[in-house]
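Before any comments, here is the structure.
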Amino acid sequence: MLSYQHEYHAGNHADVLKHAVFVRVLQALAGKDKPLRVLDAHAGSGLYDLGSREARRHAEHAGGIARVLAAADPPPALVPYLEAVRACNGGRSLRRYPGSPWLAHSLLRPADHLVLMELHPRALGMLRRLYGRDPQVHVHERDSFEGLPALLPPPERRGLVLIDPSYELKDDYARVTGLLADCHRRWPTGVFLLWYPLVRGRAGERLPARVAALGMRRVYHIAIEVEGRGFDGMRGSGMLAVNLPFGLDTELAALAPWLWRTLATQGRGGPRAGWLVPE
Ligand SMILES: C[S@@+](CC[C@H](N)C(=O)[O-])C[C@H]1O[C@@H](n2cnc3c(N)ncnc32)[C@H](O)[C@@H]1O
């Protein structure tokens, strides 16, 4: 039984990095007039009430989305994500935080489809309440390690996969690498985003090198650490983007230092952005 609940973490610095990249990539893909499919393999609840007991417990959004919304001159890569967060709050103050399903759904065009996979009963209940009647959204109660490869390639042959597990089990780091390799073999032209946390231990740090060794081309890496190495929690996180759409590398290279300056605690940590494996 999974115990992780994203309600405790919604809108934190890791969500900001992950969702800014996710929205910008999806926006770029939607710029072409062809249907696409978004597969969110670890969907979470879709939408978070920042006034809930869980969200208020550590108020992680205060050090994440709240800071970013208050900062001046956001870089272009961040703008569509900030617009989506504002739209989710009806243009008023920050009370709700959109998860990846909500963000993806907000960018769907009439011929696009969104597939959501989840195993936690509470998150599944919320996803069904939000999207159960929407013919463009398909909620699957399914283990993504088995279910995601089975759905690839999608009928549209264009689209985006988000791999964002909770890393509750130690071997999740090895499993995501295998999952990414399998998915890419089935769908070499798909765009894949893999998120990973930087916590104690070196499993997160080692993940980019493991992915680089898979033999895929066009893999971009963006990460920020907002705390120093001794920090006893999640000090940062990263995203690996396979088949990043053309032109986004320069935008993401500007996003990383801006996010780090805005989110880091007293200049600790640092940003990183660049091609892990070029064309
Ligand atoms: C980090 S949260 C997802 C957050 C969400 N993607 C977002 O950005 O808003 C990870 C989610 O993955 C779910 N999960 C963990 N292992 C899973 C698996 N094997 N298959 C499907 N879902 C899984 C957890 O229940 C949890 O809700």
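Values in this text are rule-based calculations from the coordinates and carry no lab data. This is a predicted model, so every value here is computed, not measured. Counting neighbours? That spans all protein chains shown, and the Cβs are built from the backbone with ideal geometry, glycine included.
Some notes on this structure:
- Dipole magnitude (debye, nearest 20) for the stretch 73-222, charges at Cβ of Lys, Arg, Asp, Glu: 160 debye
- The residue among ILE224, TRP260, LEU148 whose Cα reaches farthest toward the positive pole of the charge dipole of the chain, with charges on the beta-carbon of Lys, Arg, Asp and Glu, is TRP260.
- In loop segments of the stretch 162-246 as defined by DSSP, the chymotrypsin sites (Phe, Trp or Tyr not before Pro) with at most 15 further C-beta atoms inside 10 Å of their C-beta are PHE246.
- The stretch 245-279 versus the stretch 14-45: alpha-carbon centroid distance in Å: 18 Å
- Per-residue 3J(HN,Hα) values for the stretch 45-50, derived from phi via the Karplus relation 6.51 cos²θ - 1.76 cosθ + 1.60 with θ = phi - 60°, read 8, x, 7, 10, 8, 6 Hz in sequence order (x marks Gly and Pro).
- Low-density loop cleavage sites - trypsin sites (Lys or Arg not before Pro) in the stretch 1-87, where at most 13 other Cβ are within 10 Å (DSSP): LYS32
- Net length available on complete extension from ARG200 to ARG272 is 24.1 nm, with 0.36 nm assigned per residue and the Cα-Cα distance removed.
- Sites ALA87 and GLU156, calculated FRET efficiency, Cβ-Cβ separation with R0 22 Å, nearest 0.05: 0.30
- In the elastic network of the chain, a GNM with C-alpha springs shorter than 10 Å, the most mobile of ALA66, ALA174, ALA264 is ALA174.
- GNM flexibility winner over the chain from HIS13, HIS138, HIS58 (Cα, springs under 10 Å): HIS58
- Simple Cβ-charge dipole of the chain, Lys/Arg +1 and Asp/Glu -1, about Cα centre, in debye nearest 20: 160 debye
- Euclidean distance between Cα centres, the stretch 163-241 to the stretch 88-141, Å: 24 Å
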